[in-house]
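A.B. asks: First the structure, then my questions, so here it is.
Just so it is clear, none of the values below were taken in a lab; they were calculated from the coordinates. As the structure is a computational prediction, the values presented were derived from the model and not from experiment. A quick note on method: Cβ atoms are made from the backbone with ideal geometry, for glycine too, and the neighbour counts reach across all protein chains shown.
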Amino acid sequence: MVASGTNVPIILFSQKPELIWLNKISSNVARDLRNNEMLKAQGWLVIRVWEHDIKKSLENTVTNIVDALQKRKDSIHVKSY
């Protein structure tokens, strides 16, 4: 919606902005959980990396990724024929 005689958009919320963000974040978390489960069911290892963790400590972030991959590798049993 644009105010009459101006080019300034007016945003009308049916809910308080705080509720909009809470609903958005809740739906994002639910979506991520669904996607994680779908990927795991297909055999993927899901590792979620947050930008703020990288900025805080790249070394720790890389160590966590390597540890997760190592645990995955150690849990895979290859059949010998």
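A.B. asks: What number comes out for the charge environment of MET38, summing +1 per Lys or Arg and -1 per Asp or Glu over other residues with Cβ under 13 Å away?
C.D. replies: For residues surrounding MET38, the net value is +1.
A.B. asks: Only loop residues by DSSP count here, and only those with at most 13 other Cβ atoms within 10 Å; note down the chymotrypsin sites (Phe, Trp or Tyr not before Pro) in the stretch 13-74 that meet that.
C.D. replies: Here the chymotrypsin sites (Phe, Trp or Tyr not before Pro) that fit, given the DSSP loop and packing criteria, are PHE13, TRP44, TRP50.
A.B. asks: What aspartates and glutamates does LYS40 reach when the alpha-carbon gap must be under 20 Å and sequence neighbours fewer than 8 apart in one chain are set aside?
C.D. replies: Partners within reach: ASP32, ASP67, ASP74.
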